[in-house]
1. Which residue pairs have Cβ atoms closer than 7 Å, lie 6 or more positions apart in sequence or on different chains, and pair a first residue in the stretch 294-321 that is in the same structural domain as R214 (by TED's automatic domain parsing) with a second residue that is outside any helix (DSSP H, G or I)?
2. Just checking, does the stretch 236-244 include any residue being touching a Cys at 6+ places or on another chain (Cβ under 9 Å), assigned to a loop (DSSP other than H, G, I, E, B) and open to solvent by 20 Å² or more (accessible area, probe 1.4 Å)?
3. Is there a residue in the stretch 360-367 that is touching a strand residue (DSSP E or B) at 6+ places or on another chain (Cβ under 9 Å) and buried (at least 17 other Cβ atoms within 10 Å of the Cβ)?
4. Looking at the stretch 332-344, can you tell me whether even one residue there is farther than 30 Å from N184 by Cα and basic (K, R)?
5. Exactly one of (1) in contact with a His (Cβ under 8 Å, 6 or more places away or on another chain); (2) under 23 Å from Y37 (Cβ atoms); (3) not β-branched (V, I, T) is unmet by E201. Its number?
6. Say we look at the stretch 115-153 and pick out the residues that are within 16 Å of ligand 1 (Cβ to nearest atom) and among the acidic types (D, E); which of these is surrounded by the fewest Cβ atoms within 10 Å (Cβ to Cβ)?
7. Of all residues in the stretch 245-264, count the ones that are more than 16 Å from ligand 2 (Cβ to nearest atom), within 16 Å of K366 (Cα to Cα) and open to solvent by 30 Å² or more (accessible area, probe 1.4 Å).
8. Would you be able to say whether some residue in the stretch 253-264 is within 28 Å of P177 (Cα to Cα) and of a type in the set (G, A, S)?
Amino acid sequence: MNPFVYSIPTDIYFGAGQIERLGEVVKAHGTKALLVYGGGSIRKNGVYDATVKELRSHGVDFVELGGVDPNPRVSSVRQGVALCREHGIDVILPVGGGSTIDCAKVIAASVKSELDPWEIVRHPERIGEVLPVVSVLTLSATGSEMDIFAVISNPETNDKLGVGHPKMRPVASILDPTYTCTVNAWQTASGTADIMSHLFEVYFSNTAGFMQDRMTEALLKTCVEFGPIAVKEPGNVEARANLMWTSSWAINGLMTLGKEVAWTVHPMEHELSAFYDITHGAGLAILTPHWMRAVLNEKTAPKFRELGVNVWGVDPKLETMEIARLAIDRTAAFFRQMGLPATLGEVGIDESKLAVMAAKVAPMIKGAYVELSEAEILAIYKAAL
Ligand code: NZQ
Ligand code: ZN
């Protein structure tokens, strides 16, 4: 285990009815809020009304930025920054999924900067003052509610880039699992695949971390247990609660501390959604088994064996390589069982842009669990066709 500093300061208000804490929480961080949300799901399921009621009853003044797209655009960030400057906003309040929270985080990091938001995304080292972000989560997937990252798309250049800075971690998040009961089966399954991918990206590391790995397996098992239940029974609050808390823990830093990690499947997926605007978790479900098959070898087989035995319940008496292969098969079958696609063709992606994507990804994944050349990345994309 490598040395590390532990600091994960987001205050979490977890459980049904925690929205009642929102007014006092927002007031503790600012006097005028920018309320950020997506395409309208919060208006249909009552979360918007509950939020606004809470803000009004505590005398919190606010301005709205709605219409943030899935795979949020830099144009929405720019719109939000302009509103903040015009209205003297001092706290950002995203209410929604990862896209809304990510958009809010980059707004928060851009308001006091002279840089354009896209420059902020490209140069996190130049981030200075960041306005406080208080989030209300409505979809369990990205972990944005408790992590330092945001992912922003620039359709003009077909770029989708992640940016991370400790100051962008929300100061507080309301996690009411009942708010996720209206998430449809596709987004529920994709969100579960996303959580699992965040865990795979840190589980497969060249640094030992026994304790972190056992915790990671527990979180993976929680997804395996409750993902299918939430897909079949959208109103199952226990399933929703387990997925919600797992989404936050998967990527809040705890599973990574003490380990060297360089994510591989995520940068590969971000290229898919940059060019084709597909759902992030669905892209991960397609690529993950192919990446696993590409990196399985004599050296990595023991790690896949751990996954097979500890998460998928494969018979430990089998040969290591056989267990490793079964672990990958079970992972692929699980995504299928959840109703997720297994090929790029199913989400409308053909071969035409794969070489461009591979060329963009190659420099981003230096130091990965298994180093992959541009040609090897392209081979993974092609295997997924
Ligand atoms: O826009 P609305 O109308 O709100 O509808 C959304 C959207 O259509 C809907 N939705 C959200 N909550 C709902 C709901 N529908 C019904 N009931 C609810 N309670 O779901 C759709 C998808 O929402 P979105 O926010 O896009 O999903 P998600 O949370 O999966 O976020 C995906 C984005 O996050 C990035 C992804 O790349 C993608 O851009 N990521 C962010 C990360 C981070 N910040 O750490 C890490 C991840 O790896 C990921 O890359
Ligand atoms: Zn992800």
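1. V295/Y369; V295/V370; T300/V370; K303/F204; F304/L296; G308/V314; V309/P316
2. We begin by selecting, within the stretch 236-244, every residue touching a Cys at 6+ places or on another chain (Cβ under 9 Å); these are 236-237, 240, 242-243.
Next, from what is left, pick out any that are assigned to a loop (DSSP other than H, G, I, E, B): 236.
Cutting the leftovers down to open to solvent by 20 Å² or more (accessible area, probe 1.4 Å) gives us 236.
Yes; the residues of the stretch 236-244 include at least one that is touching a Cys at 6+ places or on another chain (Cβ under 9 Å), assigned to a loop (DSSP other than H, G, I, E, B) and open to solvent by 20 Å² or more (accessible area, probe 1.4 Å).
3. Yes; the residues of the stretch 360-367 include at least one that is touching a strand residue (DSSP E or B) at 6+ places or on another chain (Cβ under 9 Å) and buried (at least 17 other Cβ atoms within 10 Å of the Cβ).
4. No, the stretch 332-344 contains no residue that is farther than 30 Å from N184 by Cα and basic (K, R).
5. Of everything listed in (1) in contact with a His (Cβ under 8 Å, 6 or more places away or on another chain); (2) under 23 Å from Y37 (Cβ atoms); (3) not β-branched (V, I, T), E201 misses just condition (2).
6. Quick first cut of the stretch 115-153, residues within 16 Å of ligand 1 (Cβ to nearest atom) only: 117-118, 120-121, 124, 127, 130, 133-153.
Now restrict to residues that are among the acidic types (D, E): 145, 147.
Details: E145: 30, D147: 24.
Going through the qualifying residues, I end up with D147.
7. The qualifying residues number 1.
8. Yes; the residues of the stretch 253-264 include at least one that is within 28 Å of P177 (Cα to Cα) and of a type in the set (G, A, S).
The values are calculated or read from the model by the stated rules, or taken from the named source; none is laboratory data. The shown structure was predicted, so the numbers you read here are calculated from the model rather than taken from an experiment. All Cβ positions, even for glycine, are placed from backbone atoms using ideal geometry, and neighbour counts span all protein chains on display. Just the protein is used for accessible areas: all its heavy atoms, side chains included, with ligands, DNA and RNA removed. Shrake-Rupley method; radii C 1.70, N 1.55, O 1.52, S 1.80 Å.
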